[in-house]
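Working notes, beginning with the structure itself.
The values are calculated or read from the model by the stated rules, or taken from the named source; none is laboratory data. Fair warning: this is a prediction, and the values are worked out from it, not measured in the lab. Here the Cβ positions follow ideal geometry from the backbone for every residue, glycine too, while neighbour counts run over all protein chains shown.
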Amino acid sequence: MKKLTLIIPKFFLAAIFMMAASAVSAQTTKDEFLGKWVNSKQFTLDVLDKMPESGMDYKTDPGAMSFKEQIHHIGNAIVGISQGFLKGGDPGFTIDLATASKADLADYVAKCYDYGTSTMKALSDADGAETIEVFGNSVTRRQVMALLMDHSTHHRGSAIAYLRAQGVEPPEFVGF
């Protein structure tokens, strides 16, 4: 019994240590995040490239965004959220979606991702750790960066569904 009372605390201490080590190793560095961000940019451009011109205005539902609006929304959100919450300045570019060609939209989205990249790179570690108010939530700027990735993935996923609905095979996913 005495041995058991000595082993149990050691077991719990080891379990706590393992959980803490797991939590530390589960974090992503800014460089790792930005590497994935570059992949997100290319994957988004690949999805856009796959849609024929005839499908750019396709909607799955009258109340939904069109394919080109989904892609445009990804870029707009990157710029707007980077400006509002990641200390980004004026990006120096815009687009008129109503008159934009597919090539214009691709150029715009690429610039939006590049703008997001430069804005994120400019954040110091202290800036990234700073807690700010975002859409009624108290979060760090690092969490805002993750939000941008999740948002881009969400709308790109919708765009992929639009491709499939149009009989177009989407590009292969690239994880890393």
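Can you confirm whether segment 38-46 contains a residue that is under 19 Å from residue 156 (Cα atoms), of a type in the set (Lys, Arg), outside any helix (DSSP H, G or I) and modelled with pLDDT of 95 or more? No, that holds for no residue. Please specify each residue of segment 53-64 satisfying the condition of being part of a loop (DSSP other than H, G, I, E, B) and surrounded by 13 or more Cβ atoms within 10 Å (Cβ to Cβ). Once the filter is applied, which keeps residues that are part of a loop (DSSP other than H, G, I, E, B) and surrounded by 13 or more Cβ atoms within 10 Å (Cβ to Cβ), segment 53-64 yields 56, 58, 59, 60, 64. Among the residues here, residue 152 does not qualify as of a type in the set (S, T, N, Q), modelled with pLDDT of 95 or more, over 13 Å from the mean Cα position of the chain (by Cα) and part of a helix (DSSP H, G or I).
Screening residue 129 against (1) closer than 19 Å to residue 31 by Cβ; (2) over 13 Å from the mean Cα position of the chain (by Cα); (3) touching a residue at least 24 places away in the same chain (Cβ under 8 Å) leaves a single unmet condition, (3). Among the residues making up segment 159-176, those that are in a helix (DSSP H, G or I) and crowded, with 17+ Cβ neighbours inside 10 Å are 159, 160, 162, 163. Do we find a residue being modelled with pLDDT of 95 or more, among the hydroxyl-bearing types (Ser, Thr, Tyr) and in contact with a helix residue (DSSP H, G or I) (Cβ under 8 Å, 6 or more places away or on another chain) anywhere in segment 123-138? For segment 123-138, residues modelled with pLDDT of 95 or more, among the hydroxyl-bearing types (Ser, Thr, Tyr) and in contact with a helix residue (DSSP H, G or I) (Cβ under 8 Å, 6 or more places away or on another chain): absent. With respect to the conditions (1) closer than 21 Å to residue 88 by Cβ; (2) of a type in the set (A, V, I, L, M); (3) touching a residue at least 24 places away in the same chain (Cβ under 8 Å), residue 139 falls short on a single one, namely (3). Only one entry of 35, 80, 88, 92 meets the criterion of being crowded, with 16+ Cβ neighbours inside 10 Å and among the small types (Gly, Ala, Ser), and that entry is 88.
Step by step: first the residues of segment 155-176, then only those that are of a type in the set (Val, Ile, Thr) and over 25 Å from residue 80 (Cβ atoms), then the one that is nearest to the chain's Cα centre (by Cα). Which residue is that?
Result: 174.
Checked against (1) surrounded by fewer than 17 Cβ atoms within 10 Å (Cβ to Cβ); (2) at pLDDT 95 or above; (3) of a type outside the set (Lys, Arg); (4) closer than 26 Å to residue 172 by Cα, residue 67 passes all but condition (1). Checking the stated criteria, residue 116 turns out not to satisfy the condition of being under 22 Å from residue 150 (Cβ atoms), in a loop (DSSP other than H, G, I, E, B) and of a type outside the set (Asp, Glu).
Residue 138 meets each of the listed conditions (1) surrounded by fewer than 16 Cβ atoms within 10 Å (Cβ to Cβ); (2) assigned to a helix (DSSP H, G or I) apart from (2). Considering only residues that are within 15 Å of residue 67 (Cα to Cα) and free of Cβ contacts under 8 Å to residues at least 60 places away in the same chain, which ones fall in segment 142-166? Of everything in segment 142-166, those that are within 15 Å of residue 67 (Cα to Cα) and free of Cβ contacts under 8 Å to residues at least 60 places away in the same chain turn out to be 154, 157, 164.
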